[in-house]
Each structure stands twice: as C-alpha cells, then as structure tokens.
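Notes to accompany the following structure.
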There are 2 protein chains.
Amino acid sequence: MNDDRYYLKQAVKAACEGIKDGGGPFGAVIVRDGKIIAKAGNRVVLSHDPTAHAEVLAIREASDILDSHDLSDCVLYASCEPCPMCLGAIYWAGIRRVVFASGRSEASSAGFSDNFIYSEIGLDPSERNIDFIQIPDAGGEEAFRIWEQYEGKIPY
Amino acid sequence: MNDDRYYLKQAVKAACEGIKDGGGPFGAVIVRDGKIIAKAGNRVVLSHDPTAHAEVLAIREASDILDSHDLSDCVLYASCEPCPMCLGAIYWAGIRRVVFASGRSEASSAGFSDNFIYSEIGLDPSERNIDFIQIPDAGGEEAFRIWEQYEGKIPY
C-alpha cells in the first residue's frame, strides 16, 4: 500500500505539472516489476487529439517500450478514475490492477464528461445521445470471414 | 442512406485489406462535408499498441488533419460496432453520428472481447474482473484545484 501511494502520487504529480503546459488535470504512470516504465499527463488540447488522455498515452508508451500490446504484468496508477475510453484501453492492454485517487464525480465537478459517457455507454445504441445507425447488410461479415480463414492471424 | 452505404463499404474494405498486413478485422473511415478525411484499419498487433483500433486511429488522423480535438462536424463509419474504448473516443471527439455494419456479438463470435468489456464497464469498480483500488486521500484533488485556478485553461 505504501508503494501504491508512492506511485499514485507520481501520477498526481504528472497531472499537476501538465496543466501549465496546456494539459487537462489528469496524470498516469505504469509500473512493472517495481519500476515506473511510462508516465504521462493529459495532452488532448496540446496534441489536437481527443484520445490523448493520460492513461492512453501511458499505455501507448509502455507498449512501445515493451514492444508488446500485452501489459498484463503492469499496474496502472491514475490521478483520477479512468473514463470509459481509458477503461476500455486498460482491458485491451490486459492490465489487471488499477489504482486511482479521485473519482469520476470529481472529474464531473471539474467540468469533464466522464459521468455522462459512463451513463451513455450502458444504453442501447438507439437510445444514446449520439445517432447510432446499424446497416447490417453492408457486408461487415466479410472482414470476419477473411480473418477466420487467415492462417497468419495473431489473436489479441 | 446510399452515401452511408458507400462510406460504410469503405470502412469494411479497410478492415478486409488490413488483415493480410497483420491487422485485426476492423476498419473505419471519417467523413466531413461529404469527403473521407481519414481511413484506418486495426493495427494493435502491428503497432504493438492496444489502443490502435481502427476507430481510434481514424479519429487521431482526422484530428491531426483538422488541427483540432473537436470532430463534431464529422461522421464515423465503422465495419463493426465500436467497442467501449472507441465509443469513449467518439464521445470525447464530439462526433454525433456513427454508422456501423456488424454488431458487437459478431465481434465476440470472432474471438474479440467487446461484449465482455461492455459488461465490465457497467459494474461498480469493486465488482470488476480487474482490481480497481481507490486511495481517495492520495492528493488527487490537487490537480483539479490547480486546473480550477489556472486562467489559461482550455476546457474540452
């Protein structure tokens, strides 16, 4: 727990330091075998990239360093509870342990949409605030058919 | 609807073409003012990047081209229903219309975790398959306090 607290404070530090550079108030670090291997602050506005949340950037950096999309031996520390996008990224990376400081309601109080997106994601696509239109006969199954038959595929 | 079908087929094409290069069976295009401005296939394994889903890559490319994290005047076409990570990215990008071909259950049938992640995301953090530990007194509020007081901030 003391180690958790130390790494978490590094994530908070990344969040605080990034603000004056133009980042949002979020930070994350990724730890493997007791070492911080990636550290990032939010860069959405700075990088003109809506996906440049601290957690996503830290995951991308760690994956790049490890030459693998599999971060199952890593722990992610985040200054605030990950939003649905970052949570999805955490699952896809195979990360099995996440430690965070503030909660999603504190992010909402600061003006961020985390809570709203959490509520939207559970809805049926047809009930969401965004128009979701499925055209089931547009040939989408072709990609899965090719994948199924492709002998060189690497599942992930 | 004919235009929708055309753009959607381009997304499916990107999905199909990417497989033999080592990508997963997913593709996406982003359209603005009737023009495709970004197009991507999945590159998770290829790029060693668990976040390199077609939708995320297309969003990043479009944002880069437009020099803005705001894609509210864009439509996203995806060969398959976006996973929670991509859905989050769509919300953060401000995209208001999404057209897709296959559904999440078809992705699951092909061996992908979309359905599982959708079910995990709605759970309380303490009930998820991944350990989520909150340390609320680790100073996380400091980042929001600095953000609140920072006059140069650009909300997003």
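The values are calculated or read from the model by the stated rules, or taken from the named source; none is laboratory data. Nothing here was measured: the structure is a model prediction, and the numbers come from that model. Note that we place each Cβ from the backbone using ideal geometry, even for glycine, and neighbour counts take in every protein chain shown.
Within region B:79-123, being more than 27 Å from A:Ile146 (Cα to Cα) and in contact with an Asp or Glu (Cβ under 6 Å, 6 or more places away or on another chain) holds for B:Gly94, B:Arg97.
Answer with yes or no whether A:Glu151 is over 30 Å from A:Ser68 (Cβ atoms), acidic (Asp, Glu), free of Cβ contacts under 8 Å to residues at least 12 places away in the same chain and out of contact with any strand residue (DSSP E or B) (no Cβ under 9 Å at 6 or more places or on another chain). Spelling it out, it is not the case that A:Glu151 is over 30 Å from A:Ser68 (Cβ atoms), acidic (Asp, Glu), free of Cβ contacts under 8 Å to residues at least 12 places away in the same chain and out of contact with any strand residue (DSSP E or B) (no Cβ under 9 Å at 6 or more places or on another chain). For region B:114-127, a residue qualifies if it is touching a Lys or Arg at 6+ places or on another chain (Cβ under 6 Å) and modelled with pLDDT under 95, and the qualifying residues are B:Asp114, B:Asn115. Does region B:1-53 hold any residues that are within 15 Å of the chain's Cα centre (by Cα), charged (D, E, K, R) and farther than 18 Å from B:Ala110 by Cα, and which are they? Answer for region B:1-53, where residues must be within 15 Å of the chain's Cα centre (by Cα), charged (D, E, K, R) and farther than 18 Å from B:Ala110 by Cα: B:Lys39, B:Asp49. The residues listed here are B:Asn2, B:Asn42; of these, the one that is surrounded by fewer than 16 Cβ atoms within 10 Å (Cβ to Cβ) and either more than 17 Å from A:Glu148 (Cβ to Cβ) or touching a residue at least 24 places away in the same chain (Cβ under 8 Å) (or both) is B:Asn2.
Those residues that are hydrophobic (A, V, I, L, M, F, W, C), surrounded by fewer than 24 Cβ atoms within 10 Å (Cβ to Cβ) and either outside any loop (DSSP other than H, G, I, E, B) or modelled with pLDDT under 95 (or both), I need them from region A:45-56; list them, please.
Of the residues in region A:45-56, the ones hydrophobic (A, V, I, L, M, F, W, C) are A:45-46, A:52, A:54, A:56.
Adding the requirement that they be surrounded by fewer than 24 Cβ atoms within 10 Å (Cβ to Cβ) leaves A:45-46, A:52.
If the condition is that a residue be hydrophobic (A, V, I, L, M, F, W, C), surrounded by fewer than 24 Cβ atoms within 10 Å (Cβ to Cβ) and either outside any loop (DSSP other than H, G, I, E, B) or modelled with pLDDT under 95 (or both), then A:Val45, A:Leu46 are the ones that fit.
Within region B:55-70, restricting attention to residues that are more than 7 Å from chain A (Cβ to nearest Cβ) and touching a helix residue (DSSP H, G or I) at 6+ places or on another chain (Cβ under 9 Å), which residue is nearest to B:Phe26 (Cα to Cα)? Within region B:55-70, the match that is nearest to B:Phe26 (Cα to Cα) is B:Glu55. Remark: A:Ile154 falls outside the filter, which requires a residue to be part of a helix (DSSP H, G or I), among the hydrophobic types (A, V, I, L, M, F, W, C), facing chain B (nearest Cβ under 7 Å) and under 25 Å from the mean Cα position of the chain (by Cα).
Could you check, for region B:24-33, whether at least one of its residues is surrounded by fewer than 17 Cβ atoms within 10 Å (Cβ to Cβ) and under 22 Å from B:Tyr156 (Cα atoms)? Yes, because at least one residue in region B:24-33 is surrounded by fewer than 17 Cβ atoms within 10 Å (Cβ to Cβ) and under 22 Å from B:Tyr156 (Cα atoms).
A:Ile130 meets all of the listed conditions (1) modelled with pLDDT of 95 or more; (2) more than 21 Å from B:Tyr118 (Cβ to Cβ); (3) surrounded by fewer than 19 Cβ atoms within 10 Å (Cβ to Cβ) but one, namely (2). Of all the residues in region B:123-150, those that are closer than 14 Å to A:Leu8 by Cβ, under 25 Å from the mean Cα position of the chain (by Cα) and part of a loop (DSSP other than H, G, I, E, B) number 0. Could you tell me how many of the residues in region B:20-38 are at pLDDT 95 or above, out of contact with any strand residue (DSSP E or B) (no Cβ under 7 Å at 6 or more places or on another chain) and within 12 Å of chain A (Cβ to nearest Cβ)? The number of residues fulfilling the criteria is 2.
The rows are residues; the columns are (1) closer than 18 Å to B:Pro25 by Cα; (2) at the interface with another protein chain (Cβ under 7 Å from one of its Cβ atoms); (3) not hydrophobic (A, V, I, L, M, F, W, C).
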| site | (1), (2), (3) |
| --- | --- |
| B:Trp92 | no, yes, no |
| B:Val99 | yes, yes, no |
| B:Arg104 | yes, no, yes |
| B:Gly122 | no, yes, yes |
| B:Tyr150 | no, yes, yes |
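Applying the criterion of at least 1 residues that are buried (at least 24 other Cβ atoms within 10 Å of the Cβ), touching a residue at least 12 places away in the same chain (Cβ under 8 Å) and among the aromatic types (Phe, Trp, Tyr) to the helices (runs of 4 or more DSSP H) found wholly in region B:66-122 leaves B:84-93.
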